[in-house]
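What follows is one structure encoded as structure tokens, with my remarks underneath.
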Amino acid sequence: MELLTIGAFARVSRLSPKALRLYDELALLRPARVDPETGYRYYAVGQLGRARLVAWLRRLGMPLAEIRAVCALEPGAAAREIGAYWARVEAETAARRDLAAFLVDQLTGTIDTSGREPMTMLELRHSAGTDRGLVRPANQDTLYAGRRLLAVADGFGPAGLAASGAAVAALRYLDEAETLPLDGELGELGVLGALEDAVRSAGLAVADLAGGANGTTLTALLWTGSRLALAHIGDSRAYLLRDGELHRITQDHRVTPRDLLLSKALGGGVDTVPDLRLQEPLEGDRYLLCSDGLTEAVPDALIRELLVAGSGPRELVAAALAAGAPDNVTCVVADVAVAAG
């Protein structure tokens, strides 16, 4: 077996010796031989294919944990996982592009929100429901549905209910309008910042719970009176039903689409940076926030059918129970309607 020194292998694989040492430590790319006296690493020529795949995936920006999972798959399955990863990247990039365009418009005065009176005053009308499901011994989901704030959190770990409860509790002050810069110059930007600050506070509250295994997802909508600010982390979801079409407006933060390991959550020792975006609501829109106990049991097609029919949380939870409900099920449905009076 032909062996190359770590320096020679680094040159032909286009990976630095420092990266090769890191990948060895992470069991991502082990050397073929390590000198027992000097500790010097040697690599086989046959390892170049895996090394180049790792290098290409790093150029895509794929996290190391996902690269390790992809490299363990057969070529066909690996190709599907790479395609799924890139679809998530494109969706997240599109959300950031929308936010960037909004910021440019706000800061250059293209859109003037100061003192603007909308032609039609809108409001949110909501309902909510939760159920333990048919398998779990307890319900670790927490929901909140107030005048301005809607939130769903799905806790995990021995103190999962405490984690989800702490996360939602950290956001509840946002429901008090006087604490928010809802009007005036850069009002919507202020709300987005307030929501981000609240989620960071929620992360600290969850981190204070005993044990690093505890954590929670969090998906929240904050109503400004003209827009909806969205914060999302984990694999709970937000959907928008508009003109009969169902759109998922969040991306699951899972290590791979097929497993339940989270790449982002509050607590649990993973990335705690939420996705943030602004939604422009229209009269007749229906928004759904839900834990994965709904989406793992009920397909999107049936969720759409129920929402189009005007069904709410009770019917959505019932559909999950009819499908076996292996997890806790929590739903908040909000309708955008013309304000009364």
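The values are calculated or read from the model by the stated rules, or taken from the named source; none is laboratory data. Note that the structure is predicted; figures quoted are calculated from it, not measured. Note that each Cβ is placed from the backbone with ideal geometry, even for glycine, and that neighbours are counted across all protein chains shown. The area values use the complete protein model at the heavy-atom level, side chains included, leaving out ligands, DNA and RNA. Shrake-Rupley method; radii C 1.70, N 1.55, O 1.52, S 1.80 Å.
Extension gain for VAL45 to ALA100 (0.36 nm times residue separation, less C-alpha to C-alpha distance): 15.3 nm.
Here r is the Cβ-Cβ distance between SER311 and GLU25 and R0 is 41 Å; the resulting FRET efficiency, rounded to 0.05, is 0.20. Each part gets one Cα centre, and for region 4-29 versus region 238-310 those centres are 39 Å apart.
Could you tell me the calculated FRET efficiency between TRP86 and GLU37, based on Cβ-Cβ distance and R0 = 56 angstrom, to the nearest 0.05?
Details: r = 44 Å, r/R0 = 0.79.
After rounding to 0.05, the efficiency reads 0.80.
Taking 0.36 nm per residue of sequence separation and removing the Cα-Cα distance, the GLU280/ARG52 pair yields an extension gain of 77.7 nm.
Placing +1 at every Lys and Arg Cβ and -1 at every Asp and Glu Cβ, with all other atoms neutral, what dipole size does the chain have around its Cα centre, in debye to the nearest 20?
Details: 35 positive and 44 negative charges, 304 e Å.
Approximately 1460 debye in magnitude.
I need the peptides 233-245, 307-319 ranked by packing, meaning the mean over residues of other C-beta atoms within 10 angstrom, with the highest value on top.
Details: 233-245: 19.8, 307-319: 17.5.
The peptides rank, most packed first, as 233-245, 307-319.
With the simple model of a label 7 Å out from the Cα in the direction of the Cβ, LEU204 to GLU74 spans 5.1 nm. For Cα extents along the principal axes in Å, the value calculated from this model appears in (1) 67, 46, 32; (2) 57, 49, 42; (3) 82, 53, 40 under label (3). Under the membrane-span-like helix rule (DSSP H runs whose alpha carbons stretch at least 27 Å along the helix axis, mean Kyte-Doolittle hydropathy -0.5 or higher), the chain yields 75-108, 187-207.
Counting alpha carbon pairs within less than 8 Å and at least 6 residues apart, what relative contact order, in whole percent, applies to the chain? Can you show the working numbers first?
Working: 660 pairs, mean separation 61.1, N = 341.
Reported relative contact order: 18 percent.
Can you tell me the accessible area per residue over region 192-341, all protein chains present, probe 1.4 angstrom, in square angstrom?
Details: 5560 Å² over 150 residues.
I get 37 Å² per residue for region 192-341.
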